[in-house]
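Peer 1: Supplied in structure tokens, the structure appears directly below.
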Amino acid sequence: MNLLVTGGAGFIGSNLIHLLIDRPEIERLVNLDCLTYAGVPENLDELERHTKYTFARVDLRDAAAVRKVVFEWQVTHVLHLAAESHVDRSIAGPGDFVHTNVLGTFHLLEACREAWLAAHPTAAAAPSAASRPGPEIPAPRFHHVSTDEVYGSLGPTGAFTESTPYAPNSPYSASKAASDMLVRAYHHTYGLPVVITNCSNNYGPRQFPEKLIPVVIQSLLARKPIPVYGDGLNVRDWLYVEDHAQALWQVLTRGRAGETYNVGGANEWPNLRIVEKLCDLVDELAPELGGQSRRLIAFVKDRPGHDRRYAIDAAKLHRELGWKPAHDFEAGLRLTVRWYLDHQDWVRAALARRAAP
């Protein structure tokens, strides 16, 4: 396997690469990343001299550069994670989301179609590894990593399944929905062997401090007000990043071509309750800050198009591939807070990179 991971310097991508780099099935792992503010090179410093690892600083919007990577490294498998992903940023500037998430995905699909279908014209019809004896891995395979936000907003009950109609409500989720549809179309039109996963909110080490959990932790350490949108009762399903990475590998190597799999943590929590949990953990793990962190919670005006509730039904993934999350939420959240407390140099470097001209 010559595996291409896009967005590998980011949060999920870097955790994924650390998990996979020593797997015996992988001969070469190429990390394609253009190093936007959210791509942190320090995430992968320790792999610079790894014999399997190659870094390619390439922007997905550059079709020729993307094609060169696919052909030069004879890529056989793709885990496509690279995306603009912050909802607030998509509201302020949707153009980057369309160009990267939609056009960038198109460029990668085109490169793989050209590289693979000439050599493997019946690749999409080949049986998956799940139906074969032994450890054989299907080749080639394009795994597109997406989000539960494409499904829109749920009411107080129910959960998203793979057959839930798409109803994106932000420029970010609309751009991901569009890229999902492109990937699906390349399978049905050209026979490209693809799989798609739609995951719930990830948390864990190395997440850029613009998403809820690391933002709250940093505010707590600085003793600054913690902004909570609206009434704070918007509900999300939380998935520890290492559990997500394990699921991505299972789907890449054993999932059925043309299928979508939802990946969720079975951890539904209102945003306000998450913030309160983080306050309590920081008070426990960093008592020198003085405690009483809940007093820092400050409710602010809700953002436009703020979906009320997400919940993932991951039964298909469990039933077909045997995956289920390994981390208890309380334990995973504690590990996450501890990591940020111990890695403030990483946080400062990441924030400085975003502030640089």
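The numbers here are math on the coordinates, done by the rules we state, and not lab data. It should be emphasised that the depicted structure is a prediction, and the values quoted were computed from it without experimental measurement. For neighbour counting, all protein chains shown are included, and Cβ atoms are generated from backbone atoms with ideal geometry for every residue, glycine included.
Peer 1: Return a whole-number percent for the relative contact order of region 199-295, with Cα pairs under 8 Å and 6 or more residues apart as the contact set. Mind showing how you got there, number by number?
Peer 2: Numbers: 104 pairs, mean separation 33.8, N = 97.
Relative contact order, region 199-295: 35 percent.
Peer 1: Sticking with this structure for a sec: Mind giving me the FRET efficiency for His86 and His318? R0 is 35 Å, r the Cβ-Cβ distance, nearest 0.05 is fine.
Peer 2: The formula returns an efficiency of 0.75 here.
Peer 1: Considering only C-alpha atoms, what is the centroid distance from region 213-275 to region 156-208, in Å?
Peer 2: First find each Cα centre; the distance between them is then 15 Å.
Peer 1: How would Tyr340, Tyr190 line up from fewest to most surrounding beta-carbon atoms within 10 angstrom?
Peer 2: Numbers: Tyr340 24, Tyr190 15.
Lowest to highest Cβ neighbour count: Tyr190, Tyr340.
Peer 1: May I pose another question? In nm, what is the difference between 0.36 nm times the number of residues separating Ile137 and Leu335 and their Cα-Cα distance?
Peer 2: 68.0 nm
Peer 1: Would you please give the FRET efficiency between Asp283 and Thr189, computed as 1/(1 + (r/R0)^6) with r the Cβ-Cβ distance and R0 = 35 Å, to the nearest 0.05?
Peer 2: With R0 = 35 Å, the Cβ-Cβ based efficiency is 0.05.
Peer 1: Right, another one. For the chain, take N as its residue count and report Rg(C-alpha) divided by 2.2 N^0.38 Å.
Peer 2: Here the Cα radius of gyration is 0.97 times the empirical estimate.
Peer 1: Phe208: net charge of surrounding residues, Cβ under 10 Å, Lys/Arg +1, Asp/Glu -1, itself excluded?
Peer 2: So the surrounding residues net to +3.
Peer 1: Give me the extension gain from Gln74 to Lys301: residue separation times 0.36 nm, minus the current Cα-Cα distance, reported in nm with one decimal.
Peer 2: 76.7 nm
Peer 1: Give, rounded to the nearest 20 debye, the magnitude of the charge dipole that the chain has about its Cα centre when Lys and Arg contribute +1 at Cβ and Asp and Glu contribute -1 at Cβ. Mind dumping the intermediate values first?
Peer 2: Numbers: 37 positive and 41 negative charges, 66 e Å.
Rounded to the nearest 20 debye, it is 320 debye.
Peer 1: In addition: Go ahead and collect, in residue order, the members of region 286-314 whose backbone nitrogen is under 17 Å from a label point 7 Å along the Cα-Cβ direction of Leu221.
Peer 2: Of the residues in region 286-314, 286-291, 293 have backbone N under 17 Å from the label point off Leu221.
Peer 1: Ok, one more. Which listed residue (Pro304, Gln218, Ser163) has the Cα farthest towards the positive end of the charge dipole for the chain, taking +1 on Lys and Arg C-beta and -1 on Asp and Glu C-beta about the Cα centre?
Peer 2: Pro304
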